[in-house]
Every structure is written in C-alpha cells, then in structure tokens.
Amino acid sequence: MLSYFSKIIPFVISFIALSVSVNQHCTAQQCETMVWSDEFDGSALNMNNWTYEIGNGQGGWGTGQLDYATNRNENVRIEDGKLVLELRKENYAGYQYTSGRLVSYQKQAFLYGRIEARIKGVDTQGLGFAFWMLGEDYETVWWPKCGEIDIMENTGGDPSFNIGTAHFQESWGHHYNQGSYTLPTGKFADDFHTFALEWTPEYLKWYIDDINYHTFDISEPINGYRPFNRPFFIILSVGVGGSYSGNPDAKTTFPMSATIDYVRVYQGAFSAFIEGENEVVEGDVNKTYSIDTPGATSYNWTVPVGSSITSGQGTNQIVVNWAGTSGDVQVVTNGSCGEKTYSLSVEVESQHTSDNLALNKPAYASSQENASYAPAYCVDGDESTRWASNWNQPEWVYVDLQKSYNINQVILKWQYAHASAYEIQVSDNAVNWNTIYTETSGDGETDDISLSGTGRYLRILCNQRNTQWGFSLFELEVYGSSTTAVNDIQPEDINLFPNPAKTSVTLEDNKHLLSEISIFNNAGQKLRTEKIKSSTQIINLEGYSQGIYFIRCKPKGSGKSLVKPLVITE
C-alpha cells in the first residue's frame, strides 16, 4: 500500500507465534487447512486479532492522506456479521475527514499460505480501501527491506480496477512487482468479491474470484536476501486523498464504507516448506530439517555433496552433518496430495582456523561520510555500525593487522550501498599494494572469500558504486596465520607525537631499532628519506599541506618495516 512511512505503528516489536489451527477442510483436491479466520460474527471487534491504528501517521500515513483514523464506532464497527470501515467528512482532531485502520501486528502473523478476504469496496473520487500485509520485522530492517504485499487496492476514482503489488528492496531503494485486474462489469462497491493471495516459497499469486491475474516468482534471492520468507501481518485500511486515491471532489460521497465479510488464512501442501537453519558452518553436526505437509506418506531427502543424512531418511524429519559445500536441502513427498518437491537453500560458511585478525585493529580510509561512519566501525565486531565513504569512486579502507599474516579468508558484510566492483589488496608497508582478489559483479550482503596472500595491511579498494551514494561496509573480517619474524618491529616500539601534527612530529625509538624513515603522501609517492640518529628525533614537516601521510620505519638488519599513519593539519 505504497510507502512504508504510511504504516507507522506506535508500539514495540515482540515475538509473534503462528496461530493454532481452528478449522479443517482438507480434501484430496485442496489439501488445505484453514489455520486462522475472523468471520466478524460477534457484536464487537475481536481484540485478540486486531489493533486500532489511530492518527494521521507521518505525512498522511506517508502518502498524503487527509483523514484521521480513530477507534470510534462511527469509523470501525461490526454490523450484521461484517466489519465496516467507514469514511466520514467531519471536523475531528484538526482534520476534515475520519477513517478506520486495523492491523494484526503482534497478534496474528503468517508465513506462506492462502490469505483471503471477501470484500465490498468504496466508491467515488478521492476514497480508497486496501487489504495488505507487511513483514513483521519492519521496525528492525525498515521498509522496503521488510517486504510488503498488497492484495487489494481499490479507489473510488477507478472503482472497477484493482492492483496487486509486492514491494521490496533491490540493491538500493524501493522496487516493486505489480499486476492489475478490471471487473468485466460493475464496481467493487456494488457487491462482494473474494480477493486472495497464494504465497509459497516459490511464488506469489494474486486472485480475484478465483481468477489468477498476476504471478511473481520469488524462488531466487533478491540482492542476496529473501524479502518474502518471513512472517507477515495483515492490515485493513480506508483513506481519503493521497498519492494513490487522489483528492475528493464535488461528487465525492460521504459517509462511505468498505465492508469485509471475513478474513481467512489457509495453509497446506501447496504452501508447506522445510524448516531448519539456512546458514551453517562447515563441520556443523546434528542439524535438524523437517517438513509438515498434509497427505504425504513418503519422503525422499537429498543434501549437498559431501554432507550426510545421519537419520530420518524416509520420514518428515532428518538430521544432517554438514561438509563445506553450500546447496539445497530437498525433499520429494508423495501421497494423497500428489508428488511435490520442496527445497531450502543453505549457505555453508568456512570453518575459521583463526580468530578475526582485523577485530579492533587500526583502520584507515580514503574518506568518511562523517564521524558516525569512521573506518574503525567496520572492524569493531558490531554489525549495527559501519564505515561509509564520501559519494565518490574509487575509495578505499584498510586495516593494519599489526604484524604480517598468511591470509586465507576475508569476509565483507556490505550495507545496501555496496561496491559492485572491488579489489582486495595486501601490503607490507601500506604504500605498495598487491591485488589478491578481484570482484567485478558484487551483489552486496555478505561476501565470504577464500584467497591467498601475505601482508600486514589489507585493503578493500572500492572501484564501482552500485548506488549514487558512497561505499558502506558493516564489517571487514580477516582470517589467517602469523608469519611475523622475531626481529620485526612491533607498533608499540615506535611512537609518533603529536598526531595530528602541524609543523613537526617527534619520533620515539627507545629500543634503537630504526635505521631510517621515509615519508609518503596519500597517493603513495615518496617525499623524503631521513636517517635515524637518536632514540628521540624531531622530524620537520614545514611545507607539507594538510592531509594523510605515511611514515615507513625501516629497521636495522633484516626485519620488516613498520608503517605509521600521520595526519597533518593547518
């Protein structure tokens, strides 16, 4: 139903349990079970199912609506075994129109099934009704990443026309997939029609009076994630004006109602799915996968090559020991509902042979959007913080591992503003870089990369943006084994102060390890070399412009050099 910002709900998210089955009508043909319904048969609204939304939201529920939603009987009521949502023209709470909005958030949520309602819509210009769903985790992942499914959107300005829409995020911003249906005769306000969504792990199908007018294939991840494989809650709402319905005019009729005879949810063989972890680590054992599908009497499971089913083959539940190959856990069932195939894609992460070498190590970048997105935030182990660059390309971020390592794995956890093309580079001195991995078609989310390289410094050189914004990285993780020689200089052996500096900096070498230092600018150009003659030596910086520089400290003997960053200010 258009933008997320039209659905601000003023309470905190909490656990939602799927409803217990309340009615059965499973047949060999349908193989379905009605797991929940509201028939609106009582004298009052069932508050175990619904919550009133009250107010005008942000900017007219985000779409510019002119109404104020209330919990009054004038706007929301049960009448003759049906739910009535009424639009009225009246002065109320500073608004000229009132309306009703109900949500099943925190009370009823569903993953897959047939979601169905019998509805009589609204009439005349400027008025609208919607029967739709929103991912229950919208408060944590935000819209549109949480996903939205509009089953019915009816406006009085085009009263015989309906659209069915799936909203989601793809790389960046709002994307949608949409179909439409027009009644052969009459209006949706003339009589009741049945609106339904059939939702499985493979597809979304929209129906009006059992006519399938649109299908959206959701079998593959969208930009590395699946927006429609999470529980959704139901919303029923009427409104006045806004970007979809348009404003009322002289012909608009008030009061005007949308009437809902029932809302029902069915689940069964068509919407069954495999339950189990879809992200595991190589070597994980005793991972359980199961399926609950009516009518099935036989089960034939398969898992990726190398992994093994240790028990349960032939039943509805198996136990798996995982090897290192990602792929599908799949089961073919047979029985009174026919032969059906179900799959669950499982990502296997490599078993780390070391700790994250980059965790809380010094990190530097070519730029940062502001102080809240400093490079240190991509090596802090917290996936709620991130490094973000300026809106340019290329940009880079690197981590000082503080000694040399043989590096065999890098994990990049991107935000949606990711690099579609980038290089992973290593260096012994943070000046000369060697590329050990190149990506030219990155799709964001998490990149778990096996590679081989040796160095103390690891840099991500971001060459191509996928959005108009900069580059944004939640976490940079590095794994490998140490190669540091005994006589290598350690970071704590050499001090530079003050840093940032203006006209000079003091180098402190209390262990008398250094033979000389060289100063490089941000582009890697050597500016000068200076012999070290004392344990405390002042280095003149006059004539250098403000910016980031690097001082390479060369040891006596055969040890590796140490690079220290230096910031010069005016």
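Values quoted throughout were computed directly from the atomic coordinates according to the rules given, and no laboratory measurement underlies them. Bear in mind that the values here come from a model prediction, so they are computed numbers and not experimental data. Every residue, glycine as well, gets a Cβ built from its backbone with ideal geometry; the counts of neighbours run over all protein chains shown.
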Footprinting exposure proxy for Val281, Val505, Val305, Val265 (fewest neighbouring C-beta atoms within 10 Å first): Val305, Val281, Val505, Val265
Mean-position separation - Cα centroids, the stretch 347-385 and the stretch 266-298, in angstrom: 34
Inter-probe distance in nm under a simple model that places probes 7 Å from Cα toward Cβ, at Gln393 and Asn406: 3.6
Label zone at Asn499, where the point sits 7 Å out along the Cα-to-Cβ direction: the stretch 531-570 residues whose backbone N lies under 16 Å: 536-541, 547-555, 561-569
Listed values [x] 58, 32, 17; [y] 49, 27, 19; [z] 45, 29, 25, entry calculated as semi-axes √(5λ) of the Cα gyration tensor in Å: [x]
Loop-located trypsin sites (Lys or Arg not before Pro) in the stretch 500-570 whose Cβ has at most 13 other Cβ within 10 Å (DSSP): Lys502, Lys511, Lys533, Lys556
Whether the stretch 256-301 is rounded, prolate or oblate, judged on the alpha carbon gyration tensor where a/c under 1.5 counts as rounded: oblate
Furthest towards positive pole of dipole, Pro227, His214, Ser243, structure part the stretch 142-295, Cβ charges: Ser243
Student exercise, the chain dipole from Lys, Arg, Asp, Glu Cβ charges, in Debye to nearest 20: 1700
Dipole axis of the chain (+1 Lys, Arg; -1 Asp, Glu on Cβ), positive-most option in Thr310, Asn91, Val280: Val280
Percent RCO, i.e. relative contact order, over the chain, from Cα pairs under 8 Å lying at least 6 residues apart: 10
The chain, helix-only ellipticity at 222 nm - DSSP H runs n ≥ 4, -39,500 (n - 2.57), divided by all residues, nearest 500: 0 deg cm²/dmol
Extreme residue, positive dipole direction of the chain, given options Ser345, Gly324, Ala388 (C-beta unit charges): Ala388
Mean separation of Cα contacts under 8 Å (6+ apart) over length of the stretch 363-482, as relative contact order %: 37
Within the stretch 491-568: Cβ-based charge dipole about Cα centre, in debye rounded to nearest 20 (Lys, Arg +1; Asp, Glu -1): 240
Lys, Arg +1 and Asp, Glu -1 on Cβ, resulting dipole of the stretch 363-482 about Cα centre, debye, nearest 20: 320
Centroid-to-centroid separation of the stretch 90-156 and the stretch 173-196 [C-alpha atoms, Å]: 14
Gain in span if fully extended, Asn321 to Thr302, counting 0.36 nm per residue against the direct Cα distance: 5.6 nm
Extension gain, Leu359 back to Asp261 (0.36 nm per residue minus Cα-Cα distance, nm): 29.6 nm
Coil-residue trypsin sites (Lys or Arg not before Pro) of the stretch 253-345, DSSP, other Cβ within 10 Å capped at 10: none
Additional length obtainable on full extension of the chain from Ser482 to Asn522, 0.36 nm per residue less Cα span: 11.6 nm
